[in-house]
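The values are calculated or read from the model by the stated rules, or taken from the named source; none is laboratory data. Computed from a predicted model, the values in this text were never measured in an experiment. Cβ placement follows ideal geometry from the backbone for every residue including glycine, while neighbour counts extend to all protein chains displayed.
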Amino acid sequence: MRQHILDTPVSYYAIFVLARLLPLQVCRWLGRVIASTVYIFSTRDRKGFANNLSIALNKPVDDVRIRRLVRRMFMNYGEYMADFFCLPQLPGRKAHAVFSHLKGEEIIQNALKQERGVILLSAHIGNWEFGGTMMRLSKYPLAVVSLPHNSAPTNALVNRFRKGKGISVIEVDASPFSAIPILKHLRKNGVVAMIGDKDFFGNGKLIPYFGKQVRFPIGPVTIAMASGAALIPAFVLKQPDGKYFGVLEDAIPLTNEGSREQAIQKNLEKIAVIFETYIQRYPDQWYNPDPIIKS
């Protein structure tokens, strides 16, 4: 995972303690203050956000709308990080108060009746971490798939807070055996939450994305094809009033036509179209400063 200045055990622990003591709105204000500072000094991230938005919105990188969106993204991400530390520590009643509604819950309920499990697939947009908390508070048997943080103590601390909400954590790496715990959870008719828009291990496939060729990870699709689990696009987005709402799209109709590689390609393209729709609809909540097109 990409390392940042606060990615140390001491920093994480101190922020978790501070978040427990301060009201949510104060934490969000502090998040915006820190984000404003980072915006000024982090040329790399400003360029990364701007380049990606330029591709997604088909506008010049120096377009005034792109510049405004980049600044707004920094502010939104500052609030996202505040929520990352604050929201998992809220009791269930207060956590529900920050969540407005979930659209399409009948989709996951109907999918679970098939008893093959469900994969909730999202992108780096909105607040995917809080989405996991809300799904578990709604009594779904949730496991989140994650990459380990850059230090073992930081990783243990973050996972402790996840598990404190009853969320199982499945850590993955480049090994194909990483999929085994995911498949086991799905066989129990569990729900697995995954992020599917960044190829961390370099074994993904190039697919059309915003008119460019972008490499997508194949893991979510291959696991869904192997297990028969429903692959449901899921997003948790912030409203202007500061509350979040969730959206579940219809399960992606996976194809098995042609060769295995051809089927994977077609299924990835279906995912990309849905991701494009939400990113273009909520561009200032797309938190991905890393270039989507690798040089």
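A few points about this structure:
- Selection status of Lys205, surrounded by fewer than 21 Cβ atoms within 10 Å (Cβ to Cβ), of a type outside the set (A, V, I, L, M) and over 27 Å from Met134 (Cα atoms): yes
- Look at region 233-254: where a residue is at positive phi and a partner is in a loop (DSSP other than H, G, I, E, B), sitting 6+ places away or on another chain with Cβ atoms under 8 Å, you get Gly242/Val98.
- Residue among Tyr39, Tyr12, Tyr77 that is among the hydroxyl-bearing types (Ser, Thr, Tyr) and either part of a loop (DSSP other than H, G, I, E, B) or at pLDDT below 90 (or both): Tyr12
- Yes/no for Tyr80 being of a type in the set (Phe, Trp, Tyr) and out of contact with any Phe, Trp or Tyr (no Cβ under 6 Å at 6 or more places or on another chain): yes
- For Ala156, the conditions (1) in contact with a strand residue (DSSP E or B) (Cβ under 8 Å, 6 or more places away or on another chain); (2) free of Cβ contacts under 8 Å to residues at least 12 places away in the same chain all hold with the exception of (1).
- Condition check for Gly131: at positive phi, in contact with a strand residue (DSSP E or B) (Cβ under 8 Å, 6 or more places away or on another chain), modelled with pLDDT of 85 or more and surrounded by 18 or more Cβ atoms within 10 Å (Cβ to Cβ): no
- For region 90-108, taking the residues that are of a type outside the set (Val, Ile, Thr), over 19 Å from the mean Cα position of the chain (by Cα) and part of a helix (DSSP H, G or I), the one that is nearest to Glu249 (Cα to Cα) is identified as Glu106.
- Residue check, Ser227 more than 29 Å from Asn52 (Cβ to Cβ) and of a type in the set (Ser, Thr, Tyr): yes
- Selection status of Leu183, surrounded by fewer than 17 Cβ atoms within 10 Å (Cβ to Cβ) and either touching a Ser or Thr at 6+ places or on another chain (Cβ under 7 Å) or at positive phi (or both): yes
- Filter result for Glu269 (acidic (Asp, Glu) and more than 17 Å from the chain's Cα centre (by Cα)): yes
- Whichever residue in region 149-160 is hydrophobic (A, V, I, L, M, F, W, C) and surrounded by fewer than 18 Cβ atoms within 10 Å (Cβ to Cβ) and, among such residues, is farthest from Phe85 (Cα to Cα): Ala152
- Restricting attention to region 42-74, the residues being crowded, with 19+ Cβ neighbours inside 10 Å and in a loop (DSSP other than H, G, I, E, B) number 0.
- Within the option set Ala251, Ala193, being crowded, with 19+ Cβ neighbours inside 10 Å, within 18 Å of the chain's Cα centre (by Cα) and either of a type in the set (S, T, N, Q) or not in a loop (DSSP other than H, G, I, E, B) (or both) holds for one residue only, Ala193.
- Residue in region 272-280 that is surrounded by fewer than 19 Cβ atoms within 10 Å (Cβ to Cβ) and more than 18 Å from the chain's Cα centre (by Cα) present: no
- Region 268-290 residues that are at pLDDT 95 or above, paired with ones that are in a helix (DSSP H, G or I) and surrounded by fewer than 18 Cβ atoms within 10 Å (Cβ to Cβ) (beta carbon under 6 Å, 6 or more apart): Asp284/Arg72
- Total residues in region 147-181, condition in contact with a helix residue (DSSP H, G or I) (Cβ under 9 Å, 6 or more places away or on another chain), aromatic (Phe, Trp, Tyr) and at pLDDT 75 or above: 0
- Test: residue in region 19-35 that is exposed (fewer than 13 other Cβ atoms within 10 Å of the Cβ) and modelled with pLDDT under 90: yes
- Residue in region 20-33 that is more than 21 Å from the chain's Cα centre (by Cα), among the charged types (D, E, K, R), closer than 24 Å to Tyr209 by Cα and assigned to a helix (DSSP H, G or I) present: no
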